[in-house]
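Q: I'd like to ask some things about the structure below.
The values are calculated or read from the model by the stated rules, or taken from the named source; none is laboratory data. Source: prediction; values computed, not measured. Quick reminder, even Gly has a Cβ in these numbers, built from the backbone with ideal geometry, and neighbours come from all protein chains shown.
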Amino acid sequence: MTQTIDPVFSSAVLSAPELALNDLDFDALSQAMGGLKGEVDKTPQTAAIILAGGTGERFGKEGGKQLVEIAGKPILTWSAEAFDAVGDIGLIVIVCPEDRCSEYLKRAIDPFPFVTPIVVAPSGPSRQESAFAGLEFVPDDYEYVILHDGARPLISPDLIAHTIATLKGNIDCDGAVVAHPAVDTLKVVENGVIVGTPDRRVFWNAQTPQVFRAGIYRRAHASALSDGFMGTDDSSLIERLGGRVLVVEGKRDNIKLTVPEDYLMLAAAVRTMYMKGAEE
């Protein structure tokens, strides 16, 4: 079994003080680390699909990053706990490598007191195919499907619930996506030469969770499969059918752990939170 390293309490990993950024949401972080209480409504309408099938190649961790621990919990557990604490979610589908499903359950799910039913689905060769594999495990009686990257461990139950409520409150819309306004200057480049500087005010960085009405989401996957279309996120499948997708403003600290620098930033943020708590 691959040994995991918890960087929060490792001084070597946290030797770069500039990574302890002040603009991270420590309230949300405190909520996640303080232990969330699972709950399920009597008639939940939403099923969650947590995508955890990545190989972690860019992250540089053999076997992926989902089981690497932050503050004593696997990254995947953090994400799953946030969805477990949202009453409208009646099912959590974790999509992971088929040959590691038992390991994921044993290390990231079984040791923790989840209330929401959790099942695992085998991931596919691509993110889109993994999402479709997870969708196959969602019963038809769920009206909404919400998708999340398992490698975004700082998502909060409040933001999940708000995103779902936003879609429910807009009957003329097909989905809602958490995103953050672009803050960097963007350039259009052709053959290594800048040919334009678009107005960044119209650009947003898409994140997860992304929630959709289950019916059109199933049709969008069927259409993409039929046409050989491969989108970069779930919303793009809905958009190509002419669907209307809303934006819900998220937070910059809803980062996806992709490269080691992301991990260092998260670890430093958690360490800083601990230090602040100790001083109070």
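Q: Is there a residue being without any contact (Cβ under 8 Å) to a residue 40 or more places away in the chain, at negative phi and of a type in the set (A, V, I, L, M) anywhere in the range 139-157?
A: No; the residues of the range 139-157 include none that is without any contact (Cβ under 8 Å) to a residue 40 or more places away in the chain, at negative phi and of a type in the set (A, V, I, L, M).
Q: Checking Val195 against (1) among the β-branched types (Val, Ile, Thr); (2) closer than 24 Å to Leu91 by Cα; (3) modelled with pLDDT of 95 or more, only one condition comes out false. Which one?
A: Just one mismatch for Val195, condition (2).
Q: Among the numbered criteria (1) modelled with pLDDT under 85; (2) exposed (fewer than 13 other Cβ atoms within 10 Å of the Cβ); (3) within 22 Å of the chain's Cα centre (by Cα), which one does Leu264 miss?
A: (2)
Q: Please go through (1) more than 18 Å from Ile255 (Cα to Cα); (2) buried (at least 17 other Cβ atoms within 10 Å of the Cβ) for Met230 and return the number of the only condition it doesn't satisfy.
A: Here Met230 meets the rest and fails (2).
Q: A further question follows. Collect the residues in the range 116-127 that are surrounded by 20 or more Cβ atoms within 10 Å (Cβ to Cβ) and at pLDDT below 95, keeping them in residue-number order.
A: Ser123, Arg127
Q: Conditions: (1) within 19 Å of Pro117 (Cα to Cα); (2) modelled with pLDDT of 95 or more. Gly150 meets all but one. Number of the miss?
A: (2)
So that you can scan it fast, the table gives a plain yes or no per residue for (1) surrounded by fewer than 24 Cβ atoms within 10 Å (Cβ to Cβ); (2) out of contact with any Leu (no Cβ under 9 Å at 6 or more places or on another chain); (3) not polar (S, T, N, Q):
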| residue | (1), (2), (3) |
| --- | --- |
| Phe132 | yes, no, yes |
| Tyr142 | yes, no, yes |
| Pro153 | no, no, yes |
| Asp158 | yes, yes, yes |
| Ile164 | yes, yes, yes |
| Asn170 | yes, no, no |
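Q: Could you please find all residues in the range 199-212 being surrounded by fewer than 20 Cβ atoms within 10 Å (Cβ to Cβ) and in contact with a helix residue (DSSP H, G or I) (Cβ under 8 Å, 6 or more places away or on another chain)?
A: Ala206
To keep it simple, each residue is scored yes or no on (1) over 14 Å from Phe132 (Cβ atoms); (2) part of a loop (DSSP other than H, G, I, E, B); (3) without any contact (Cβ under 8 Å) to a residue 40 or more places away in the chain.
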{"site": "Asn170", "(1), (2), (3)": "yes, yes, no"}
{"site": "Ala179", "(1), (2), (3)": "yes, no, no"}
{"site": "Thr185", "(1), (2), (3)": "yes, yes, yes"}
{"site": "Arg219", "(1), (2), (3)": "no, no, yes"}
{"site": "Met230", "(1), (2), (3)": "no, yes, no"}
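Q: Ok, one more. Among the numbered conditions (1) assigned to a strand (DSSP E or B); (2) aliphatic (A, V, I, L, M); (3) touching a Leu at 6+ places or on another chain (Cβ under 8 Å); (4) more than 18 Å from Glu129 (Cα to Cα), tell me where Val211 comes up short.
A: Tallying (1) assigned to a strand (DSSP E or B); (2) aliphatic (A, V, I, L, M); (3) touching a Leu at 6+ places or on another chain (Cβ under 8 Å); (4) more than 18 Å from Glu129 (Cα to Cα), Val211 fails exactly one: (4).
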